[in-house]
2 protein chains.
Amino acid sequence: MSFKHELFAQFARVGKALSNANRLELLEFLAQGERSVEQLSKVAGLTVANTSQHLQQLRHAGMVSCRKEGLKVYYRVSGDDVIDLLGALRAVAERHVTDVQHLVATYLTVKDDLEPIPREELLERVRDGLVTVLDVRPPEEYAAGHVPGAVNIPLGELEQRLEELGNPENENREIVAYCRGPHCVLAFDAVARLRERGMKARRLEDGYPEWRTAGLPVETT
Amino acid sequence: MSFKHELFAQFARVGKALSNANRLELLEFLAQGERSVEQLSKVAGLTVANTSQHLQQLRHAGMVSCRKEGLKVYYRVSGDDVIDLLGALRAVAERHVTDVQHLVATYLTVKDDLEPIPREELLERVRDGLVTVLDVRPPEEYAAGHVPGAVNIPLGELEQRLEELGNPENENREIVAYCRGPHCVLAFDAVARLRERGMKARRLEDGYPEWRTAGLPVETT
DNA sequence: ATAGTATTCAAGCGATTAGTAGAATACTGA
DNA sequence: TCAGTATTCTACTAATCGCTTGAATACTAT
């Protein structure tokens, strides 16, 4: 009978790792690919020491692994099952925590208007050459892996680099934007801006990590 | 940008619900079906007040719902996505927390010897009438739902009621036992005992909640 | 060696959490 | 109405958690 108790205690250790907003944010960044402690601390707005401590908690919970290269230590999620877990967590929060629905409704009012496109559908259209895929994440994240054929224009440079997207002969070609995940605001923003310019733009239903773990093809460099 | 932070804070609320061993145990029982506060407190070995408090935390995280009937309040998981989340948590713990592997190896040394059978395979064999399915959970849980055609013999009564399983004309008929979930010891025990008697017994890979949420047929009463 | 950099460790604080115990609430049946 | 029962609420304590600060470690380049 103590076996059972021990087992639940170990499961709870993984649960604990998920019980803090900053750790979840770190995990989401790690889901994009390998990152150093310093990068992570910047992006999450935490001190380096604090970030390091969170990362070690995640490591004890078996959710991330690390590798040392020279001075730097690079962390990564330790398997696709971790990304699945994050997805399941998100799903429950979205469906059952009314505050999340409220938040999403408040900040992403245009959510339904953006007509998100499912992964499989996008893949088909890419194969048929019907769409231009736009990756609005920072170049480092794009370099670590992206949807095949996607054009990388970080959100901040979108306005200046519009011509990279447009095909003069076919100005109504559809653009599908994606970013880090289903709640990342980058893609929402991009679609809104493109539409302001009269372009036909939609959003991928989720982000790059989900694309990759779904076993769909990816491209690097 | 505060949107993002708020969102992670809400996800963390769900994570917090998963961060305590007792709450996870309560959730596992709830995954079997509806239960009153008193039942839950008994089975988890907690005081009623404490159980009630845990349940309310789970409710605020949107993981359980409740319904009042007369004096009693019945709790239940608020959707199949919650069961998926528990499964994902278990999967990560099993694959990455070495202590879990150690625990399982120590207490369930026979795990591999029991040749667990996957859900789909069992369903086929049941259809072909090749196996006898044995549900070793308590009668209340059996009544709330079980694998079609399964015989219910709680573990404690197994030795006395062996004849309900055996077919005199075909003593080598295979028996597949299942219980609450992949780490519940009931089915392990049952298989071990049946094998001691020279019977051909195996274990279902996971338990009843997983069977049900996989969309496989269930039977009640 | 030495200086510089990335990360981890250790100690300490305020805030949060798990649990207990006892009172309060809500409902049922006599 | 009143007694009995299931659940929830309200303090309260001990333990844990998140974060900060400053020192320690590990590695690189000069």
Antiparallel content of DSSP bridges confined to chain A, in %, to 5: 45
Charged-residue dipole, Cβ positions (Lys, Arg, Asp, Glu), chain B about Cα centre, Debye nearest 20: 940
Nonlocal amide H pairs with B:Val151, under 5 Å, H built at 1.01 Å: B:Val133, B:Leu134, B:Asp135
Copies compared at A:His102 - label distances in nm, ascending, label defined 7 Å from Cα in the Cβ direction: 4.4
Cut-off under 5 Å, modelled amide H: who pairs with B:Arg202 long-range: B:Ile175, B:Val176, B:Ala177
For chain A, Cys with no neighbouring Cys Cβ under 4.7 Å: A:Cys66
For B:Ser36, label point 7 Å along C-beta direction: distances to other copies, nm: 6.2
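Expressed as a whole percent, how much of the Cα-Cα distance distribution for segment B:2-82 exceeds 22 Å? Let's see the in-between values first.
Details: 758 of 3240 pairs.
Distances greater than 22 Å cover 23 percent of the Cα pairs.
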27 Å Cα cut-off, lysine pairs counted over the protein assembly as shown (separation 8 or more, or different chains): 25
Segment B:2-82, dipole about Cα centre (Lys/Arg Cβ +1, Asp/Glu Cβ -1), debye to the nearest 20: 220
Exam field: A:Pro217 pseudo-label spacings to other copies (7 Å along Cα-Cβ), nanometres: 4.2
For chain B, diffusion coefficient by Stokes-Einstein and Kirkwood Rh (Cα), 10 °C, 1.306 mPa s, µm²/s: 84
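Taking 0.36 nm per residue of separation and subtracting the Cα-Cα distance, what length does fully extending A:Lys68 through A:Arg197 add? Display every interim value, and only then the final one.
Working: separation 129, 0.36 × 129 = 46.44 nm, distance 4.60 nm.
The span from A:Lys68 to A:Arg197 would gain 41.8 nm if fully extended.
With n ≥ 4 as the cut-off for DSSP H runs, can you work out [θ] at 222 nm for chain B, using -39500 (n - 2.57) per run divided by the number of residues, rounded to the nearest 500? Write down the numbers at each step before the final one.
Working: 10 runs with 109 residues, N = 221.
Result for chain B: -15000 deg cm²/dmol, rounded to the nearest 500.
Only the coordinates and a few stated rules stand behind these numbers; no lab work does. Values in this document were obtained by computation on a predicted structure and should not be read as measured data. Glycine also receives a Cβ, built like all others from the backbone with ideal geometry; neighbour counts cover every protein chain displayed.
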